[in-house]
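Quick notes on the structure that follows.
The values are calculated or read from the model by the stated rules, or taken from the named source; none is laboratory data. This one's a predicted model, so the numbers in the text were calculated from it and none came from an experiment. Cβ sites come from the backbone with ideal geometry, for glycine too, and all protein chains shown count toward neighbours.
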Amino acid sequence: MIKAVLLDLGGTLVKYYSMREFVPLLDAAIEEASRFLKGRGVAIPPPGSIRSAVAAENYEAEDCSVRPLERRLARIFGLTLPGDDPETLDGMCRAFMSPIFSISRVYPDAIPVLEWLEDRGLTRLIVSNLAWGCPRHLWYEEVRRHGLDSLVDGFLCCRDVGWRKPAREVFAEALRRTGSSAEETLFVGDDVRCDVEGPRKHGITAVHLDREGVYHDSEGIRIPTLADLPEVVRAIDASGALLSGHKEDVKCSQR
């Protein structure tokens, strides 16, 4: 029986941006951070130097370790991390994240499905990587702003463990927080590497949310909308066994 459902945030519960949309969004984020720092009287490098520094920082670590946003921005703007000035540090990160948060919206199928999972008595935990290693408190404010905090039992992000999905540490901590075994847990998300291959590697059954319908050959369970998740949960519980990643193990919609 399923006891816990782990859910990705961006692309699963909340719509933010596609990869092709990120570069112009990153430009807007840097502009907002620049404006904030100038307003605080901070001298910043010329635009060309900033552009070069942004390009150099626009990557995630191959070993999946978190690269914190505040350190990236400090390098981009030539700052000494203002540990003695938390207002500047927080404001710089808030300004950077503001263009990203401004375009976000909850998917229409998210809240009804979270409510269904709650009614079924399942533990629900959001498990999310954060854009550019954003500080945890800013992203949790975003979860609250969308009203999702009251519909889940917790929020686990990469900054909590120092690693990004698909690192083992993330899934181990998720299971610790839910108190469920890997065999009793589902992971639902839209990213093949982070949300499908990652959990499956650690024994957790993955449900691939393919909203765009582009991953026709993906392994395991694939659903086109979160509204199909209840059918998957009912089918797994009715079968008496988890999927182990194979399509034939449970009869459910694979549209």
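Just a few scattered comments:
- A53 being surrounded by fewer than 18 Cβ atoms within 10 Å (Cβ to Cβ) and either among the small types (G, A, S) or part of a helix (DSSP H, G or I) (or both): no
- Test for V127: is it touching a Phe, Trp or Tyr at 6+ places or on another chain (Cβ under 7 Å) and either at pLDDT 95 or above or assigned to a loop (DSSP other than H, G, I, E, B) (or both): no
- Residue satisfying all of: in segment 99-138; closer than 24 Å to L175 by Cα and free of Cβ contacts under 8 Å to residues at least 24 places away in the same chain; nearest to the chain's Cα centre (by Cα) among these: H137
- Residue list for segment 197-220, restricted to those being under 19 Å from L13 (Cα atoms), in contact (Cβ under 8 Å) with a residue 12 or more places away in the chain, of a type outside the set (G, A, S) and touching a Pro at 6+ places or on another chain (Cβ under 9 Å): P199, T205, L209, D210, R211
- The single condition among (1) in a helix (DSSP H, G or I); (2) in contact with a Leu (Cβ under 8 Å, 6 or more places away or on another chain); (3) within 29 Å of A206 (Cβ to Cβ) that F22 does not satisfy is (2).
- With respect to the conditions (1) under 28 Å from A167 (Cβ atoms); (2) over 25 Å from the mean Cα position of the chain (by Cα); (3) surrounded by 15 or more Cβ atoms within 10 Å (Cβ to Cβ), M1 lacks only one, and its number is (3).
- For the criterion of being surrounded by fewer than 19 Cβ atoms within 10 Å (Cβ to Cβ) and either among the small types (G, A, S) or more than 23 Å from the chain's Cα centre (by Cα) (or both), P47 passes.
- When we screen G179, G198 for residues that are assigned by TED's automatic domain parsing to the domain that holds V232 and out of contact with any helix residue (DSSP H, G or I) (no Cβ under 9 Å at 6 or more places or on another chain), the only hit is G179.
- Test: residue in segment 120-134 that is surrounded by fewer than 18 Cβ atoms within 10 Å (Cβ to Cβ) and in contact with a Pro (Cβ under 9 Å, 6 or more places away or on another chain): yes
- Candidates are the residues of segment 145-167 that are small (G, A, S) and assigned to a loop (DSSP other than H, G, I, E, B); the one that is surrounded by the most Cβ atoms within 10 Å (Cβ to Cβ) is A167.
- Test: A174 is surrounded by 22 or more Cβ atoms within 10 Å (Cβ to Cβ) and either free of Cβ contacts under 8 Å to residues at least 60 places away in the same chain or farther than 22 Å from K15 by Cβ (or both): yes
- Residue match in segment 245-253 (condition: farther than 21 Å from D119 by Cβ, at pLDDT 85 or above and not in a loop (DSSP other than H, G, I, E, B)): no
- Scan of segment 63-109 for residues that are among the aliphatic types (A, V, I, L, M) and assigned to a helix (DSSP H, G or I), ordered by number: L69, L73, A74, I76, L89, M92, A95, M97, I100
- Top-ranked residue in segment 169-220 [being β-branched (V, I, T) and not in a loop (DSSP other than H, G, I, E, B); ranked as farthest from E118 (Cα to Cα)]: V192
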